[in-house]
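Remarks on the structure that follows.
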Amino acid sequence: MAEAGPNIAGRDVKPMIAHESGFIGQAGINLIATIVNEMRHLWTPTPQQADLGVDGYIELCADTPDGQRHGTGFIIKVQSKATNGPWPQENDDGFVFHDITERALQYWLASSDPIILVVSRPRTAEAYWISVKHYFQSIESRRSRSVIFRKAQHRFDASIDLKMRDLAVPPDANVLADPLRKMEAVMSNLLPVLRFPALIYAAGSRYKRFASIQRKARKAETRLLRGWFLKKNRIFSFRPLDVGLWPTIIKGKIETIAAKDWAHSADPDVQRDFVRLLNEGLASYLGGRGLWHLKLPHGQSLYYFAPAENGIERRAKWGERGAERAVVQAIHAKKDPDRILCYRHTALIPHFECYGDTWYLAIEPTYHFTRDGEQAYAYRKEYLAGIKRFEKHLAVSSNVRFLGDLLTYVDLLEKRDDLLAFAKPLQFPCDFGISDADWLSRADPEEALAVAPGGDVSDGDQATFDYET
């Protein structure tokens, strides 16, 4: 038998029911209030009897010169939708939210203030958000009245403070945004040159042209190691000139020059000659690691991975985990996947720079395309332009880390005659940073998923790229 309600003056009175949905809704609003408080902004809930489509207001605050917090008058309206159950199509990456009526959407879009939709699960303290006016810009999104939430990209927490400011504060409002305090390391593409030979050897030459010296070496069936150049009938070398074939090429006395005198010379011509020797040393360094040299216009050089000895495609290990990366990779036609169009080689364009008293190697990641692993592919320039437009920060920074590892890894069991040695790419500590959520909200969807916390940031293959036939 059902339990009767309270009896007042002989009448049964039906009790007021506190529905579970009301508790969940209030828990969602409480969660928003807590997060807004962590941002040090002001939260004002909308009175229940005056609820006209939003559940509260965020007034942005800013710091005064004396360290106090004050309201700015810039408002963001908030619509809260809470549940303690799963969302439709939910997985580790995201979910779809459908519970938006046409009436509510029209009200939000007509507002003069920015409105955000916050979807939360109070039981697990999860909250996600989108800016309504930005998300529903297209006709297709308005018709669907659905939101695809990416958990890493759309998380509602204190890290989105800068995004809130961008949303509510006009660019000409002259309200200072406090920089986000966040320890970050900014990685550069500069590798300090740790070591170069102490001496430069110089002597007169019996030959006036570089090609003549090379013919002499071929005739003698020997090879002159890189690390020297010919200028005005004189040879300058990082390697001794009194060994091997050199005594038959040089003439006169061998002079020695302190390499540091050239390295720190104020004479630009002397510094250019020193850079020539550094580039020669680098050519020897990279050649010993399986990279080939290609001359580019305007005096630039490109080094690319040579094909594998037992084929063309090649993989290289790198990093502390020994991850593998495809450094020579076949490119297949989109319309005929069995047909190989060309091969893509990981490559770099290097140049040396001096800052203060230190020399650095600056590396520019790039690619080279060949027909068969050796002959340049006819459309290499077009393909390179296409992939440069396609690649994002993640791919470029990954290539810098990979090339930095290549240039600094030393195998103690492998004997090499390296003229140069490099340190890891410079990193600069920074007390301020960019909010990950703000960065992700501006990224393309593919990149946002890759660089998000828990995303698939691979140390292996490079990003794929669709090539035309």
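The values are calculated or read from the model by the stated rules, or taken from the named source; none is laboratory data. Fair warning: this is a prediction, and the values are worked out from it, not measured in the lab. Using ideal geometry, Cβ is built from the backbone for each residue, glycine included, and neighbour counts are taken over all protein chains shown. The accessibility values were calculated without ligands, DNA or RNA, using every heavy atom of the protein model including side chains. Shrake-Rupley method; radii C 1.70, N 1.55, O 1.52, S 1.80 Å.
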**Request:** Output the number of residues of the stretch 53-67 satisfying the condition of being part of a strand (DSSP E or B), more than 13 Å from ALA33 (Cβ to Cβ) and open to solvent by less than 10 Å² (accessible area, probe 1.4 Å).
**Result:** 3
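So that you can scan it fast, the table gives a plain yes or no per residue for (1) at pLDDT 90 or above; (2) part of a helix (DSSP H, G or I); (3) within 19 Å of GLY28 (Cα to Cα):
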position	(1), (2), (3)
PRO86	yes, no, yes
ASN91	yes, no, no
ASP113	no, no, no
ALA152	no, yes, no
LEU162	no, yes, no
ARG165	no, yes, no
ASP172	no, no, no
**Prompt:** Residues in the stretch 338-353: is at least one within 17 Å of HIS293 (Cα to Cα), buried (at least 17 other Cβ atoms within 10 Å of the Cβ) and of a type in the set (Gly, Ala, Ser)?
**Reply:** yes
**Request:** Answer with yes or no whether ARG371 is in contact with a strand residue (DSSP E or B) (Cβ under 9 Å, 6 or more places away or on another chain), farther than 24 Å from VAL396 by Cα and not aromatic (Phe, Trp, Tyr).
**Result:** yes
**Asked** Of the numbered conditions (1) crowded, with 16+ Cβ neighbours inside 10 Å; (2) in a helix (DSSP H, G or I), ILE235 satisfies every one except a single condition; which is it?
**Response** (2)
**Prompt:** Among LEU294, LEU277, LEU286, which is touching a strand residue (DSSP E or B) at 6+ places or on another chain (Cβ under 6 Å) and under 24 Å from PRO192 (Cβ atoms)?
**Reply:** LEU286
**Message:** Among the listed residues ILE312, ILE331, identify the single one that is of a type outside the set (Asp, Glu), more than 18 Å from ASP405 (Cα to Cα), open to solvent by 40 Å² or more (accessible area, probe 1.4 Å) and touching a strand residue (DSSP E or B) at 6+ places or on another chain (Cβ under 9 Å).
**Reply:** ILE312
**Message:** Any residue in the stretch 415-430 that is part of a strand (DSSP E or B) sitting within a Cβ distance under 9 Å of a residue that is among the charged types (D, E, K, R)? List the pairs, counting only those 6 or more apart or interchain.
**Reply:** ALA421/ARG195; PHE422/ARG195; PRO429/GLU184; CYS430/LYS182; CYS430/GLU184
**Message:** Considering only residues that are over 17 Å from VAL132 (Cα atoms) and outside any strand (DSSP E or B), which ones fall in the stretch 93-106?
**Reply:** ASP93
**Message:** Of everything in the stretch 367-401, what is modelled with pLDDT of 90 or more and among the β-branched types (Val, Ile, Thr)? Give them in sequence order.
**Reply:** THR370
**Prompt:** Applying the selection to the stretch 247-300, what residues are surrounded by fewer than 20 Cβ atoms within 10 Å (Cβ to Cβ) and in contact with a Pro (Cβ under 7 Å, 6 or more places away or on another chain)?
**Reply:** ALA259
**Request:** Could you grab me the full set of residues in the stretch 185-208 that are surrounded by fewer than 12 Cβ atoms within 10 Å (Cβ to Cβ), under 45 Å from the mean Cα position of the chain (by Cα) and part of a loop (DSSP other than H, G, I, E, B)?
**Result:** ALA198
**Complete:** Of those in the stretch 92-120 that are among the charged types (D, E, K, R) and touching a strand residue (DSSP E or B) at 6+ places or on another chain (Cβ under 7 Å), the residue nearest to ALA82 (Cα to Cα) is ASP99
**Prompt:** Do you know which residues across the stretch 66-122 are of a type in the set (D, E, K, R) and within 22 Å of PHE23 (Cα to Cα)?
**Reply:** LYS77, LYS81, ASP99, ARG121
